[in-house]
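Here is the structure we will look at, set down as structure tokens.
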Amino acid sequence: MMRRFYWYNLGITAKLWLAFIVLFVFFAMASIAGFVGLAVVGGAEADIVANMDIRGKVLEMEGQLEKARRLYRDFIINAPEMGFVQAQERFCQPALAVAARVIALSEELKSAIAVLPPGAAIAKRNVDMNFFSSTARRFTQTLLSENELATVIGDPENGLDTRLAASLTGLSELFAPLPQAAMMLQEVIILVKQYHVGHQRPVMQAASNKLELLRRLVMTRSDLDPALRAEALQQFEVFDKTAARLLEVVAAMNANANDFALQAKAVDPISEELKRITAAEVARAKGRIVWASRIASGIILLSALLGLASVFIVRRMLHAAITSKIVALTQFACGVRDGNLEVSVDMPGTDELGILAGSLNAMHGRIRDLVVNLEEKVRQRTLELAAKNHELDEKNQALAVLSLTDRLTGLCNRRRLDQALVAEWRRAERYGSAYSVIMIDLDNFKDVNDAFGHDAGDAVLVRISDILIATTRETDIVGRWGGEEFVVICPETGLGEARTLAEGLRREIKATLFPGIGHLTASFGVADYEADAAPGFLVGRADEAMYRAKQSGRNQVVVATSLAGGGGTP
């Protein structure tokens, strides 16, 4: 009981450390036991990998050498047909690249054998390996020599074949007028072509003999032009030197080909012996792995059983000390989440989870007390929020009105008038309805401001606004256009009705007595919608009519000129 009590009173960190130490002890025992078996297997595997790597390099060297020989053979066979440059790019250059790879492989093979243990069977064949590597270098040097010799023969600009063909072409041009000489030269050309096919030395010798007969014929012909004879003799000399050099180069290439064959006979037995030795080494290493695997399997099985037992024990200990308490705390949290205010958690012990359980019980009690008063507080806050929202709506409405209202007169301002003009114009455009605009300007208003002051002028504007509101209809839109100018928008109103309304307004303003100032008059311009291109055109026509009223003596109503009559100014 005391040990159990001590375990439950340990902290979570201490419990985890103790469980970790127990697991670590079992893990260390299993690791040490398994390491011994793995070391044996690892050594055998390293031997297998090393020998397989050596075997792979030997096989690759064989393949690369054979590939290089095949490419060179294809170069020799196909160069006359497909052209020297193309054949060199397709066969000779890849062959040189393969030869370079063979040298690199030989060095890698020597390095791989050098790291083997001194007692390894393949390490004792160092002399053969040196010969194997030197043969690879010799092969590369021979291939380079063959490439140089092939370049001497087949270079399209200055090769022996090119020079030989140029010499024969020059002789053909010289002997074209001489049938007998041309026929003999043709036989020489045929023999040269036969030589290019089989590279038989007697064929080239026969061509040289034919050319010698042709030279004697040229020397015995007394009717030949001396310049032609001299040119022909020069071409004969070029042909003889080129043919002799060609025979030398071909002989050297044949010697290289024989060298290739000898190298293959010398290298093949060594590569076969190396493959046999590596195969035997791999077989021995596999036998070691079989025995080591059996021993390691037993050790690993024992380690696994010990590990499973330790895991089971640690699991039960941690479950009793930690996991079960976390589950109890989770159930408590779920009950609180679901609104169960009476739930609690009973968890003895002085570890972190016991302290957490006590803190959660205390917090839950405080939450229970807060929830009791929460609904009342929410209701009060909701009422306060509704009142604030109502106040904000009223202020927003007042702000919207102020943004569209003239501050002095309370009428629509210029912005609101522009909106109304666009709306009426669009409706008229779409439905063909009528509407009219009345432009009003107070006569001699500047004299009122100069004589009585701006306060008196503002009072006049306010009184004029009252007259306009009182006299116009409810559907009419009355606004201050700017300064002492006013605009009345009359929806669904023709020109005659608008003119009558303007006359009424004129008489009402004229009959009004303004305190301290006297009587005032106003000039009116009236225009109705006549398919105007924009609202501004209609307002412009009304404004033009109003100015004509000013010019005609003021205190009168003037109707705008119809668009059909050619008048109107936007």
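Points worth noting:
- Against the conditions (1) surrounded by 14 or more Cβ atoms within 10 Å (Cβ to Cβ); (2) modelled with pLDDT of 70 or more; (3) farther than 20 Å from ALA99 by Cα; (4) of a type outside the set (Phe, Trp, Tyr), ARG276 satisfies every one except (1).
- Some residue of region 78-92 being in the same structural domain as THR140 (by TED's automatic domain parsing), over 46 Å from the mean Cα position of the chain (by Cα) and modelled with pLDDT of 70 or more: yes
- There is no residue in region 421-435 that is at positive phi, touching a Leu at 6+ places or on another chain (Cβ under 9 Å), open to solvent by 30 Å² or more (accessible area, probe 1.4 Å) and at pLDDT below 95.
- Enumeration of residues in region 224-235 that are free of Cβ contacts under 8 Å to residues at least 60 places away in the same chain and either assigned to a helix (DSSP H, G or I) or closer than 26 Å to ALA252 by Cβ (or both): PRO226, ALA227, LEU228, ARG229, ALA230, LEU233, GLN234
- Residue in region 347-367 that is open to solvent by 70 Å² or more (accessible area, probe 1.4 Å), assigned by TED's automatic domain parsing to the domain that holds ARG73, modelled with pLDDT of 70 or more and more than 54 Å from the chain's Cα centre (by Cα) present: no
Yes/no matrix, rows are residues, columns are (1) open to solvent by less than 20 Å² (accessible area, probe 1.4 Å); (2) modelled with pLDDT of 75 or more:
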residue	(1), (2)
MET61	yes, no
GLN64	no, no
ALA97	no, yes
ILE122	yes, no
ARG125	no, no
PHE131	no, no
GLU146	yes, no
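- Members of region 484-517 found to be open to solvent by less than 20 Å² (accessible area, probe 1.4 Å) and either aliphatic (A, V, I, L, M) or out of contact with any helix residue (DSSP H, G or I) (no Cβ under 9 Å at 6 or more places or on another chain) (or both), listed by number: VAL487, VAL488, ILE489, ALA498, ALA502, LEU505, ILE509
- Hits in region 542-559 (condition: under 20 Å from GLN419 (Cβ atoms) and surrounded by 24 or more Cβ atoms within 10 Å (Cβ to Cβ)): ALA542
- Every residue from region 518-541 that is open to solvent by 20 Å² or more (accessible area, probe 1.4 Å), of a type in the set (Ser, Thr, Tyr) and under 27 Å from HIS454 (Cβ atoms): THR521
- Qualifying residue in region 249-264 (condition: over 27 Å from HIS196 (Cβ atoms), in the same structural domain as GLN180 (by TED's automatic domain parsing), out of contact with any Leu (no Cβ under 6 Å at 6 or more places or on another chain) and surrounded by 16 or more Cβ atoms within 10 Å (Cβ to Cβ)): yes
- Reported count of residues in region 224-245, each being within 15 Å of GLU173 (Cβ to Cβ) and open to solvent by less than 50 Å² (accessible area, probe 1.4 Å), is 7.
- Qualifying residue in region 533-551 (condition: in a loop (DSSP other than H, G, I, E, B) and touching a helix residue (DSSP H, G or I) at 6+ places or on another chain (Cβ under 8 Å)): yes
- Whichever residue in region 143-164 is more than 51 Å from the chain's Cα centre (by Cα) and touching a residue at least 12 places away in the same chain (Cβ under 8 Å) and, among such residues, is farthest from ILE189 (Cα to Cα): LEU149
The values are calculated or read from the model by the stated rules, or taken from the named source; none is laboratory data. Since the structure is predicted, the reported quantities are computational estimates derived from the model, not experimental observations. Glycine gets a Cβ as well: all are built from the backbone with ideal geometry, and neighbour counts include every protein chain shown. When the accessible area is computed, the model is the full protein with side chains, heavy atoms only, and any ligands, DNA or RNA have been set aside. Shrake-Rupley method; radii C 1.70, N 1.55, O 1.52, S 1.80 Å.
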